[in-house]
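For reference, the structure is listed below as C-alpha cells.
The values are calculated or read from the model by the stated rules, or taken from the named source; none is laboratory data. Computed from a prediction, not measured in an experiment: that's the story for all the values here. Neighbour counts are summed over all protein chains in view; Cβ atoms, including those assigned to glycine, are modelled from backbone coordinates with ideal geometry. Just the protein is used for accessible areas: all its heavy atoms, side chains included, with ligands, DNA and RNA removed. Shrake-Rupley method; radii C 1.70, N 1.55, O 1.52, S 1.80 Å.
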Amino acid sequence: EEPPGRSDDSAGASRSGWRAVREWAVVIGVALGIALVIRAFVVAPFYIPSSSMYSTLHVKDRILVNKMSYRLHDVNRGDVVVFEKPAEAPIPDEHVEDLIKRVIGLPGDVVEFRDCHVYVNAQLLTEPYINGDCTQAAPTGGPADVDGDGKVQVPDGKYFVMGDNREPNASWDSRFWGFVPKGNIVGRAFVIIWPLGRVSWL
C-alpha cells in the first residue's frame, strides 16, 4: 500500500500556480519599468498650482508634457513650456522646482513693451490668449532690461517667457527675473488631461 501524500495532479497544480505568480510579477515589473522610463524621458504629468497662466490653464489643472519635443525640433514662440526654476528666479515657495510659462522671445529677439502690448523685433505680437489684459513692462534696470532702454535683448541659448495672466503681479516671469536657459527646459505642455470638462490641446 502506498503511503499517503499529494497526488501528481496536486503537485503539478502547485507548480503551475507559482509559475503564474512569477510570470505576473515579471509582467508587472516590466510594465512599471516602461512607465518609469516614459515618465522620465518621454511624457510626464504636471499639476498647475497657480493662476499665472490663466485663462489658458486654471489652478488644479493637470497637463501632460512632451519631454522629447525639443530633441526633435527647436523651441517655438508661443509654446507653453515647463522648465526647471532658474537660480535667478526668487520664487517664495522653496518646494517649487518647475515653472510653466509661454515662450515670448527666442534667442536674439528684441522684446519691447508699448501701450500695454508686446512687440517682438518691432512687430506687434498677436496674443489671443491674454483676453485683452494690459501687459506690464519689464522693470527698467532689472535683470531683463539691464540698460533701462525699455527693450529686452534675449541672449543666445536663452528664452524670454511670460505667463498668460497679465494682471498686475499675476505672473512672476522673465520680466522680473530674467531668462530661461535652454538646458532648463523640461518639455512642451501639449494637453490638459484633468478635470474632464477641460480636456483640450494646448
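Which is buried (at least 18 other Cβ atoms within 10 Å of the Cβ), at pLDDT 95 or above, more than 16 Å from ARG175 (Cα to Cα) and of a type outside the set (Val, Ile, Thr), of ASP156, ASP79? Break it down stepwise before answering.
Details: ASP156 fails: buried (at least 18 other Cβ atoms within 10 Å of the Cβ).
It is ASP79.
Would you mind finding the one in PRO90, PRO49 that is within 14 Å of SER174 (Cα to Cα) and open to solvent by 60 Å² or more (accessible area, probe 1.4 Å)? If you could, list the steps in order and put the result at the bottom.
Numbers: PRO49 fails: within 14 Å of SER174 (Cα to Cα).
Going through PRO90, PRO49 in turn, the sole match is PRO90.
If I filter the range 159-171 down to residues being more than 16 Å from the chain's Cα centre (by Cα) and touching a residue at least 12 places away in the same chain (Cβ under 8 Å), which single residue comes out as surrounded by the fewest Cβ atoms within 10 Å (Cβ to Cβ)? Spell out how you get there, then give the answer.
Start the filter on the range 159-171 by keeping residues that are more than 16 Å from the chain's Cα centre (by Cα), which leaves 165-170.
Filter once more, so that each one left must be touching a residue at least 12 places away in the same chain (Cβ under 8 Å): 165-168, 170.
Working: ASN165: 21, ARG166: 21, GLU167: 16, PRO168: 8, ALA170: 17.
So, considering only residues that are more than 16 Å from the chain's Cα centre (by Cα) and touching a residue at least 12 places away in the same chain (Cβ under 8 Å), the one surrounded by the fewest Cβ atoms within 10 Å (Cβ to Cβ) is PRO168.
Name the residue that is surrounded by the fewest Cβ atoms within 10 Å (Cβ to Cβ), counting only residues in the range 64-76 that are touching a Lys or Arg at 6+ places or on another chain (Cβ under 8 Å) and in a strand (DSSP E or B).
Narrowing the range 64-76 to residues touching a Lys or Arg at 6+ places or on another chain (Cβ under 8 Å): 65-66, 69-70, 75.
Filter again for in a strand (DSSP E or B), leaving 65-66.
Working: VAL65: 22, ASN66: 18.
So, considering only residues that are touching a Lys or Arg at 6+ places or on another chain (Cβ under 8 Å) and in a strand (DSSP E or B), the one surrounded by the fewest Cβ atoms within 10 Å (Cβ to Cβ) is ASN66.
Here are VAL110, VAL146: which of them is among the β-branched types (Val, Ile, Thr), open to solvent by 30 Å² or more (accessible area, probe 1.4 Å) and out of contact with any strand residue (DSSP E or B) (no Cβ under 6 Å at 6 or more places or on another chain)?
Details: VAL110 fails: out of contact with any strand residue (DSSP E or B) (no Cβ under 6 Å at 6 or more places or on another chain).
Selected residue: VAL146, the only one of VAL110, VAL146 that is among the β-branched types (Val, Ile, Thr), open to solvent by 30 Å² or more (accessible area, probe 1.4 Å) and out of contact with any strand residue (DSSP E or B) (no Cβ under 6 Å at 6 or more places or on another chain).
Just name the residue that is most open to solvent (accessible area, probe 1.4 Å) out of those in the range 115-130 that are assigned to a strand (DSSP E or B) and without any contact (Cβ under 8 Å) to a residue 12 or more places away in the chain. If you could, list the steps in order and put the result at the bottom.
Applying the first criterion (assigned to a strand (DSSP E or B)) to the range 115-130 yields 117-120, 123-124.
Of the ones still in play, those that are also without any contact (Cβ under 8 Å) to a residue 12 or more places away in the chain are 119, 123-124.
Details: TYR119: 39, GLN123: 124, LEU124: 97 Å².
Among those residues, the one meeting the criterion is GLN123.
For TRP177, which of the numbered conditions (1) in contact with a Leu (Cβ under 9 Å, 6 or more places away or on another chain); (2) under 20 Å from GLU97 (Cα atoms); (3) among the hydrophobic types (A, V, I, L, M, F, W, C) fails to hold?
The single condition TRP177 does not satisfy is (1).
For the range 179-190, indicate whether the set of residues that are surrounded by fewer than 20 Cβ atoms within 10 Å (Cβ to Cβ) and assigned to a loop (DSSP other than H, G, I, E, B) is non-empty.
The answer is no; no qualifying residue exists.
Spot the failing condition for VAL59; the list is (1) buried (at least 16 other Cβ atoms within 10 Å of the Cβ); (2) over 15 Å from GLY178 (Cα atoms), and only one is missed.
(1)
Pairs only if they're at least six apart or on different chains, beta carbon under 6 angstrom, first in the range 139-157 and touching a residue at least 12 places away in the same chain (Cβ under 8 Å) and closer than 15 Å to VAL180 by Cα, second open to solvent by 50 Å² or more (accessible area, probe 1.4 Å) and not in a loop (DSSP other than H, G, I, E, B); list them, first residue then second.
Filtered contacts from the range 139-157: GLY157/LYS182.
So which residues in the range 172-202 are among the polar types (S, T, N, Q) and without any contact (Cβ under 8 Å) to a residue 40 or more places away in the chain?
Taking the range 172-202 first, the residues among the polar types (S, T, N, Q) are 174, 184, 200.
If the condition is that a residue be among the polar types (S, T, N, Q) and without any contact (Cβ under 8 Å) to a residue 40 or more places away in the chain, then SER200 is the only one that fits.
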